[in-house]
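One structure below.
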Number of protein chains: 2
Amino acid sequence: MKRPLVALDWGTSSLRAALLDKNGGVAEERSLPRGILTVPAGGFPQAFDDAVAPWRNIPGALFLLGGMVGSRQGWLEAPYCPCPAGFADIAARLAWVEPGRIAIVPGLNCEQGGVPDVMRGEETQVFGALDLLGMTDGLFVLPGTHSKWVRVEGQRIESFSTFMTGEFYALLRQHSILARTMPADDGELDEQAFERGVRHAVHVGNLLHAAFSARTLSLFDALPALSLPSYLSGLVIGEELRSQHLHHLADPIVVIGAPALSQRYELALKVLGFPARSVGSEATWRGLWAIARMI
Amino acid sequence: MKRPLVALDWGTSSLRAALLDKNGGVAEERSLPRGILTVPAGGFPQAFDDAVAPWRNIPGALFLLGGMVGSRQGWLEAPYCPCPAGFADIAARLAWVEPGRIAIVPGLNCEQGGVPDVMRGEETQVFGALDLLGMTDGLFVLPGTHSKWVRVEGQRIESFSTFMTGEFYALLRQHSILARTMPADDGELDEQAFERGVRHAVHVGNLLHAAFSARTLSLFDALPALSLPSYLSGLVIGEELRSQHLHHLADPIVVIGAPALSQRYELALKVLGFPARSVGSEATWRGLWAIARMI
């Protein structure tokens, strides 16, 4: 990577930008409350200029953007790149906003049994984790509103699956009958209640049934109201983990994400007997840097 | 049953009352918008008097009430009766509001793996269906916000499980990302989309993942927006059916409920190759009548 690189992680609700050094480290970083949902029609050039203001005039700089900015609701739609896909496939399919200067990383799509799946942004984090950890194969999980489970072989993303875990948690937490007996705030994680939820979800094998236990345990005073959010969190994460094929893995699962949520996944995996390691938000910058090397 | 019987089906959001004839048939029936949630503190005697006004002075009448009226939020809490439980067990545990005259049918509880489950009202429908169909054993499903799967042996409810299917549908339909691409109204059932949803849920085996297909199929124009509610309905009902042990059943599954929803369950069961028969709301009256015979 000989050109200076400015990387943007531009999602639905947030926008981060960083000037990266020649080794992929962060030289300077900025964060703006300008997720794509806040940008009016035609407003992307201005929002971009604001975000990269300190670095706009760096001679020969490449601006590489990842995340939902490449969706139909973003600046410029970057059509999904089909799996399997590696660094070079992504680099060959960048959507150029300004040729040679500003490019958007495409998301990936894959298909299982005639049903498509998609990601946008997570592929960059996986590529970053591969680069950071020096890995070529493995199973990666990116927890969130829509968690992604990503299988990598030979530095290419072979396939992936989306689990609406965070969204189900929020729906049940805020809008379901289970919300009625819960405190307003989630509070600190109650690890014991969380682990109980993980185990119960795996044992039952169906969240439609397992979730009702948050109601009945409360009804029979078998779980304090303050522990219910942790228990529910364990239920949905346990439900997600139950469907992964983890028994024949050679290496620890890599959890990519913010520390608080990653810790829950590591704890849940530990409860089920699977080793894990984690990578934080630095994976995004590293992924954009690794893709930029291929241009 | 020698005494005249007035039966009340008093739920969370509705109240129905009927004068039954000596064979358990409905002689007269009324419906009032007075679910227990609409009744103010101390207002149950008045609401009851209003509901049974035409029959209040029938000499020697027994008034038997079933449903959420026996919950902690109802008129008088009728403590749960543990499973296994038959007609006589229920009759022996009535909660008498007015001794010899007004009684509330208790709900049932059971326990699986240290986790309780509960029902209130559905037990009466199952007893009614047993009586109507002349059955002593079988598997019953009562679809709804919280569907119940009930196993009966020797005319006693052995065990049951709750599935939050209707509530999950409503949450996903109204509050999730899936709602964004759906029409305002559910419209007519699209049987093909419904069946596709059932099959996909069973194939995937995890609603957290399967539900995302309603998003991606829409994104790739592989399913019209108008078909999405039917597809989602198929997904959640398929997810519910997937966890039942249906392969070794000697008799058809009995679906108890309102026709529109029962038809969906019968269709889903047919897609999966399982025979079903259905019983409508008459099961409630018959159940109350059958319990009254034991008093």
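Read the figures in this text as sums done on the coordinates, not as results from a lab. The structure displayed is predicted, hence computed values, not measured ones. FYI the Cβ positions are ideal-geometry reconstructions off the backbone, even for glycines, and counts take in every protein chain you see.
Once every DSSP H run of n ≥ 4 in chain A is given -39500 (n - 2.57) and the sum is divided by its residues, what mean residue ellipticity at 222 nm do you get, rounded to the nearest 500 deg cm²/dmol? Mind showing how you got there, number by number?
Numbers: 10 runs with 102 residues, N = 295.
Theoretical 222 nm ellipticity from helices: -10000 deg cm²/dmol.
Excluding same-chain residues fewer than 8 positions from B:K22, which lysines have a Cα within less than 22 Å of its Cα?
B:K2
First select every other residue whose beta carbon is under 13 angstrom from the beta carbon of B:T284; then total the charges, Lys and Arg +1, Asp and Glu -1.
Details: positive: B:R16, B:R120, B:R286; negative: B:D9, B:E29, B:E122, B:E123, B:D131, B:E282.
The answer is -3.
Using the 7 Å Cα-to-Cβ label point, sort the distances from A:H245 to its equivalents in the other copies shortest first and give them in nm to one decimal.
Inter-copy label distances (nm, one decimal, shortest first): 2.7.
Which FRET efficiency value, to the nearest 0.05, do you get for B:R56 and A:S159 by plugging their Cβ-Cβ distance into 1/(1 + (r/R0)^6) with R0 = 56 Å? Present the calculation step by step, with values, prior to reporting the outcome.
Working: r = 68 Å, r/R0 = 1.21.
Efficiency computed from Cβ-Cβ geometry: 0.25.
Provide the gained length on full extension for the span A:A260 to A:I295, in nm with one decimal, where the gain is 0.36 nm per separating residue minus the Cα-Cα distance.
On the way: separation 35, 0.36 × 35 = 12.60 nm, distance 3.45 nm.
Extending this stretch completely gives an extra 9.1 nm.
How large are Rg and Dmax for segment A:165-279 when only the alpha carbon atoms are used, in Å?
13.9, 43
Under 10 Å, Cα contacts only: if you run a Gaussian network model on chain A, which one of A:S281, A:S176, A:S13 comes out with the highest mean-square fluctuation?
A:S176
Report, by chain and number, residues whose modeled amide H sits under 5 Å from the one on B:S278, excluding near sequence neighbours (fewer than 5 apart, same chain).
B:V255
When ranked by the protection proxy of mean other Cβ atoms within 10 Å per residue, highest first, what sequence do the peptides A:196-206, B:135-145 form? Can you show the working numbers first?
Details: A:196-206: 21.7, B:135-145: 19.1.
Highest mean packing first, the order is A:196-206, B:135-145.
Taking a label point 7 Å out from Cα toward Cβ, give me the nm distances from A:E188 to the same spot in the other copies, shortest first, one decimal.
Nearest to farthest, the other copies are at 5.9 nm.
What are the label-to-label distances in nm, one decimal and shortest first, from A:S159 to the same spot in the other copies, with labels 7 Å along Cα to Cβ?
Here A:S159 shows inter-copy label distances of 3.3 nm.
Return the Rg/Rh ratio of the protein assembly as shown with Cα-based radii and a Kirkwood Rh. All intermediate terms of the calculation are to be shown ahead of the outcome.
Details: Rg = 28.3 Å, Rh = 26.5 Å.
Reported Rg/Rh (Cα atoms, Kirkwood Rh): 1.07.
First check a/c for segment A:1-139, with a ≥ b ≥ c the square roots of the eigenvalues of its C-alpha gyration tensor; if it is under 1.5, answer rounded, and if not, answer prolate when a/b is larger than b/c or oblate otherwise.
Working: a/c = 1.82, a/b = 1.23, b/c = 1.48.
It comes out oblate by the Cα gyration axes.
Can you give me the relative contact order of segment A:94-152 as a percent, contacts being Cα pairs under 8 Å and 6 or more apart? Please list the in-between numbers first.
Working: 59 pairs, mean separation 11.1, N = 59.
Relative contact order, segment A:94-152: 19 percent.
Kirkwood hydrodynamic radius, computed over distinct alpha-carbon pairs, for chain A: how many Å, to one decimal?
Numbers: mean 1/r = 0.0495 Å⁻¹.
Over chain A, the inverse of the mean reciprocal pair distance is 20.2 Å.
Quick check: net charge around B:E98, other residues with Cβ under 15 Å of its Cβ, Lys/Arg +1 and Asp/Glu -1?
Values: positive: B:R3, B:R56, B:R101; negative: B:D49.
Spelling it out: positives minus negatives among the neighbours equals +2.
Can you pull the mean other chain C-beta count within 10 Å for peptide B:170-182?
Values: counts 3, 8, 4, 0, 2, 6, 6, 4, 2, 0, 0, 0, 0.
Counting other chains' Cβ atoms within 10 Å and averaging over B:170-182 gives 3.
Take every DSSP beta bridge with both residues inside chain A and express the antiparallel ones as a percent of the total, to the nearest 5.
Numbers: 34 of 50 bridges.
Rounded to the nearest five, the antiparallel share is 70 percent.
Suppose a student asked you for the relative contact order of chain B, using Cα pairs under 8 Å spaced at least 6 residues apart; what percent would you report?
Details: 593 pairs, mean separation 53.0, N = 295.
Relative contact order of chain B: 18 percent.
Based on alpha-carbon centroids, what's the gap between segment A:250-295 and segment A:175-236 in Å, whole number please?
After rounding, the separation between the Cα centres reads 26 Å.
Quick check: net charge around B:V69, other residues with Cβ under 13 Å of its Cβ, Lys/Arg +1 and Asp/Glu -1?
Working: positive: B:R16, B:R34, B:R72, B:R120; negative: B:D9, B:E77.
With Lys, Arg at +1 and Asp, Glu at -1, the neighbours total +2.
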